[in-house]
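The structure appears right after this line, and notes come after that.
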Amino acid sequence: MGHGLVDGVHVVVNDECPTCALVAPVVGALRDAGAVTVWSEDDDAGLEVAWHLDLDAVPALVRVADGAIVEKLQGWDRGKWEAITGVALDGAADGLPDWRPGCGSYTVAPDREDELAARFGGLVPLRSRRVEAGSAEDEFELCFARGWTDGLPVVPPTEARVRRMLAGTTRAADEVVAAVPPALVDLTVEKVAINAVMAGCAPEYLPVVLAAVEAFCTESFNGHGLLCTTMPVGPVIVVNGPIARAIGMNSGGNVLGQGNRANLTIGRALQLVVRNVGGGRPGEIDMATQGNPGKLAFCFAEDEAGSPWEPLSVSRGFAPGASTVTLFPGEGPRVVVDQLSREPESLARSLAMALLGVGHPKLAIAFDAMLVVSPEHGRVFREAGWSRARVLEELDAATQRPGVDLVRGAGGVAEGLPDGVRAMEAVPKFRPGGVLVVHAGGQAGLFSSIIGGWVNGETGSQPTTVEVRP
């Protein structure tokens, strides 16, 4: 078997086990007779042997032949110990009970399993640089001091925690995911896993984080430009498909707020990757004038089951049932209050009036928007049989305004569009496809939300959807 094991009979004990202490005379007699090799979990060599023997309890008696385990007994059983060792235990076992259960092996202690797997498992070495904390140093303060945090405490990314995170994906740790802006550093799965640990993710979230990172690093999303702008925008992550339910994401009450680990830590992990690997730190590359709280973490799932329409991912060309993430370059959400509209025409016009304020009421075409429609508002459209396309058509019609009202100086406001649009009877607020409609939120409350976007087109950022890989 290697690892110091040879054919023969091996006994594994530890100092904390009362049963091991009870059978110590037997173990000593067997060792003195040359019948067994004795290992203690209290030293590294014995601990490694115990790990490779896959023990649950000690004392353990294991017979190895031709490099393979052929017999294993955990706990004390006089008759079976005699059978495995071939030694009669008369004298050494006098006064002992015939049977006694063992104690848990150190190798299965919950606080040590990952550490021991990293030490003894023959795993591919992690390549990231190690930073050792001094014996009197606070590891949480170390992370602050080295600039690895977003202003909140992070989980120290020990090797055991990173390996546990990597178990959440089938992708190799050294696989390059993308070149992450602004520094355009090659980003490996391992580096993403480290930041996912720091963000507080569970391992099953890692495929979603990886997909979000991939979307952020595309030319279409233009993450570098999003970082450099002085506008208060950042990546907003919308998750669709079975993965959202599988990992327990929130698509209901308080969907854009606190309280759900998956939503918050996935969004935070993306931001930490951009900060810690890409170098996108506030005041250096991130030049937002005011920013918004969503730049800590902004991630949620669409409520597909209760939606009046097909999922956002399907509307963006992906197959039904696909798990996807859509990144939108957005600011913080703003509420739309409409508690009286019971007809879809009225509600569409009401939502359109609120959408006119994205960026500025006198600016058009430049900014996209995401409209998060709540279940109560969604029910108005469902009962009227309005499709997603119909809603978007109505919003487009209701957000067009005469050019004369939008030119610079109109209404006594210097901001506005160039004078060339003055003669236009209807200037659209948004470019074609510039409004994304998502269904999410609690069952009670006639409120929806608008997430304004950044500059769109080739000079800005495009909403980007990628499929989640396991």
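Criterion applied to ARG281, ARG275, ARG268, ARG261 was being under 30 Å from GLY147 (Cα atoms), under 20 Å from the mean Cα position of the chain (by Cα) and surrounded by fewer than 19 Cβ atoms within 10 Å (Cβ to Cβ), and the one residue passing it is ARG261.
Would you call GLY306 surrounded by fewer than 19 Cβ atoms within 10 Å (Cβ to Cβ), modelled with pLDDT under 95 and of a type outside the set (Ser, Thr, Tyr)? Yes; evaluated as a whole, the condition is true for this residue.
When VAL466, VAL413 are checked against the criterion of being in contact (Cβ under 8 Å) with a residue 40 or more places away in the chain, open to solvent by 20 Å² or more (accessible area, probe 1.4 Å) and under 22 Å from ARG388 (Cβ atoms), VAL466 stands alone in meeting it. Of the strands (runs of 3 or more DSSP E) that lie entirely inside region 35-118, those containing 1 or more residues that are closer than 23 Å to VAL6 by Cα and open to solvent by 70 Å² or more (accessible area, probe 1.4 Å) span 60-65, 68-74.
Restricting attention to region 417-470 and to residues that are touching a strand residue (DSSP E or B) at 6+ places or on another chain (Cβ under 6 Å) and in a loop (DSSP other than H, G, I, E, B), the residue that is farthest from LEU327 (Cα to Cα) turns out to be ARG422. Give the residue that is modelled with the lowest pLDDT, with candidates limited to residues of region 160-206 that are in a helix (DSSP H, G or I), farther than 19 Å from ARG129 by Cβ and open to solvent by 10 Å² or more (accessible area, probe 1.4 Å). If we take residues in region 160-206 being in a helix (DSSP H, G or I), farther than 19 Å from ARG129 by Cβ and open to solvent by 10 Å² or more (accessible area, probe 1.4 Å), then ARG164 is modelled with the lowest pLDDT.
Exactly one residue out of GLU343, GLU383, GLU376 is open to solvent by 30 Å² or more (accessible area, probe 1.4 Å), in contact with a Gly (Cβ under 8 Å, 6 or more places away or on another chain) and acidic (Asp, Glu): that is GLU376.
Against the condition in a strand (DSSP E or B), open to solvent by less than 20 Å² (accessible area, probe 1.4 Å), in contact with a helix residue (DSSP H, G or I) (Cβ under 9 Å, 6 or more places away or on another chain) and closer than 30 Å to TRP148 by Cβ, how does VAL325 come out, does it pass? Criteria met by VAL325. Scanning region 119-141 for residues that are open to solvent by 40 Å² or more (accessible area, probe 1.4 Å) and either closer than 17 Å to GLU159 by Cβ or in a strand (DSSP E or B) (or both) gives ARG119, GLY122, LEU123, VAL124, PRO125, ARG127, ARG129, ARG130, VAL131, GLU132, ALA133, GLU139.
The values are calculated or read from the model by the stated rules, or taken from the named source; none is laboratory data. In this text, all values refer to a predicted model and were calculated from it rather than measured experimentally. Glycine also receives a Cβ, built like all others from the backbone with ideal geometry; neighbour counts cover every protein chain displayed. SASA here: full protein model, heavy atoms, side chains in, ligands and nucleic acids out. Shrake-Rupley method; radii C 1.70, N 1.55, O 1.52, S 1.80 Å.
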